[in-house]
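The values are calculated or read from the model by the stated rules, or taken from the named source; none is laboratory data. Please read these numbers as outputs of a predicted model, since none were measured by experiment. Please note: Cβ atoms are built from the backbone with ideal geometry, for glycine as well, and neighbour counts cover all protein chains shown.
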Amino acid sequence: MPDAPVRLCACGRYVQGGRCPACRRAPRLRGGPRARGYDRRWERLRDQYRAQHPLCELCLARGLYVPMRDVDHKIPFRSLDDPRRLDSDNLQSLCAACHKQKTDEDFRS
């Protein structure tokens with residue numbers, strides 16, 4: 001049986017198959033938006049990013065001008081103290097279709 005393809009884990013490490021051992025053991029965040037890390041600080045950062053990036057970045061890379069709907073974390077954060085949570089370099093503006101596709105891929109891994 002062939003080996004699983006090498007892919008990028010949510011934490012940024014290259015792994016074969018699903019997630020790296022550390023992410024498999026990491027507890028999933030539960031609760032409402034505030035409990036999951038989408039607090040006032042996140043809302044301010046999101047609003048600033050949205051104003052600076054009004055188009056879907058993935059569509060724009062393909063030459064399409066589609067308005068953004070969501071500000072997405074390129075690499076999902078795993079805890080409230082994860083530095084990626086409020087890192088603007090880890091954000092991207094996405095339209096509804098691109099955000100759904102990326103979110104589905106994140107949850108499949």
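The figures follow:
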{"quantity": "Qualifying residues in segment 52-101 (those that are among the basic types (Lys, Arg) and in contact (Cβ under 8 Å) with a residue 40 or more places away in the chain) - the one surrounded by the fewest Cβ atoms within 10 Å (Cβ to Cβ)", "calculated": "Arg78"}
{"quantity": "Considering residues of segment 1-12 that are in a loop (DSSP other than H, G, I, E, B) and surrounded by 13 or more Cβ atoms within 10 Å (Cβ to Cβ) only, the residue modelled with the lowest pLDDT", "calculated": "Ala10"}
{"quantity": "Within segment 34-93, tally of residues that are closer than 19 Å to Cys23 by Cα, assigned to a loop (DSSP other than H, G, I, E, B) and in contact with a strand residue (DSSP E or B) (Cβ under 6 Å, 6 or more places away or on another chain)", "calculated": "1"}
{"quantity": "Residue within segment 19-30 that is assigned to a helix (DSSP H, G or I), out of contact with any strand residue (DSSP E or B) (no Cβ under 7 Å at 6 or more places or on another chain) and among the charged types (D, E, K, R) present", "calculated": "yes"}
{"quantity": "Residue list for segment 26-49, restricted to those being over 20 Å from Asp106 (Cβ atoms) and either at pLDDT below 95 or among the charged types (D, E, K, R) (or both)", "calculated": "Arg34, Asp39, Arg40, Arg41, Glu43, Arg44, Asp47"}
{"quantity": "Residue list for segment 50-84, restricted to those being out of contact with any Ser or Thr (no Cβ under 8 Å at 6 or more places or on another chain) and charged (D, E, K, R)", "calculated": "Arg62, Arg69, Lys74, Arg78, Asp81, Asp82, Arg84"}
{"quantity": "So Gln92, is it modelled with pLDDT of 95 or more and either small (Gly, Ala, Ser) or within 12 Å of the chain's Cα centre (by Cα) (or both)", "calculated": "yes"}
